[in-house]
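Novice: The structure follows.
The values are calculated or read from the model by the stated rules, or taken from the named source; none is laboratory data. Please read all numbers here as calculations on a predicted model, not as lab measurements. Positions of Cβ are backbone-derived with ideal geometry, glycine not excepted, and every protein chain shown enters the neighbour counts. To get the accessible areas, we keep the full protein, side chains included, count just its heavy atoms, and leave off ligands, DNA and RNA. Shrake-Rupley method; radii C 1.70, N 1.55, O 1.52, S 1.80 Å.
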Amino acid sequence: MEWLRKIGYVYNFYNKNFVEKQFIELKKAGVETIIAEESNDFEQKEKERDKNLNEIFLLLREGDCLVIYELSCLGKAIIQLGEFLELLRDKKIKLQILNKRMSQLSDELYCDLIIEIAEAEKQIISERTTRGLEKARREGRIGGRPRVSEETIERIRFLYKFRSYTLREIAEECNVSLGTAYKYVQEE
């Protein structure tokens, strides 16, 4: 099949040999444009790590093909992966996976299978969460942050307004978080 453009993506794994293998395999597959994840900071937030992949997604147009060595090279958990694959499908962008565990399946069927599994995982998590919340309520446990009494709220505002306490001092004095102290100071 002929695509408008083939753009390769290399995920920056800790294993540098595997990163090099991705480059080699993408070049063997005839991919001329390869964009690699640049960061070496593996502690970054996921959104920051996905920056290059999101930029690629914006560059891709209908009829283009995103080429990866294997599914793990997208660096996404199953639910995120399913959502990403659906975005590609909606934008009519093909995904070519060079090294699939189930090589007898076409890339399209393979992606459909992943999307189905991701949907099932979302439903299972939702069901478990709902059951857990219901059980907690039956046992008398109520989730969320503990309520702050009106007396404490008034004390927070008084200390801030008339005693010139810092928010940190107020939080310590009233036994609340810094965020809670800030919230009630700002509300007035």
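Novice: Out of all the residues in segment 103-133, which are free of Cβ contacts under 8 Å to residues at least 12 places away in the same chain and either open to solvent by less than 70 Å² (accessible area, probe 1.4 Å) or touching a strand residue (DSSP E or B) at 6+ places or on another chain (Cβ under 6 Å) (or both)?
Specialist: Those that are free of Cβ contacts under 8 Å to residues at least 12 places away in the same chain and either open to solvent by less than 70 Å² (accessible area, probe 1.4 Å) or touching a strand residue (DSSP E or B) at 6+ places or on another chain (Cβ under 6 Å) (or both): L105, S106, D112, L113, A120, S126, T130, G132.
Novice: Here is a list of conditions, (1) open to solvent by 30 Å² or more (accessible area, probe 1.4 Å); (2) at pLDDT 90 or above, and D41 meets all of them except one; can you say which number that is?
Specialist: So the condition that D41 fails would be (2).
Novice: Here is a follow-up. Identify, please: which residue in segment 156-174 is more than 15 Å from E187 (Cα to Cα) and surrounded by 14 or more Cβ atoms within 10 Å (Cβ to Cβ) and is, among those, farthest from the chain's Cα centre (by Cα)?
Specialist: Y165
Novice: Can you tell me which residue within segment 175-185, out of those that are in a helix (DSSP H, G or I) and open to solvent by less than 50 Å² (accessible area, probe 1.4 Å), is farthest from T152 (Cα to Cα)?
Specialist: G179
Novice: Take the residues in segment 85-98 that are out of contact with any strand residue (DSSP E or B) (no Cβ under 9 Å at 6 or more places or on another chain) and of a type outside the set (K, R), then tell me which one is most open to solvent (accessible area, probe 1.4 Å).
Specialist: It comes out as D90.
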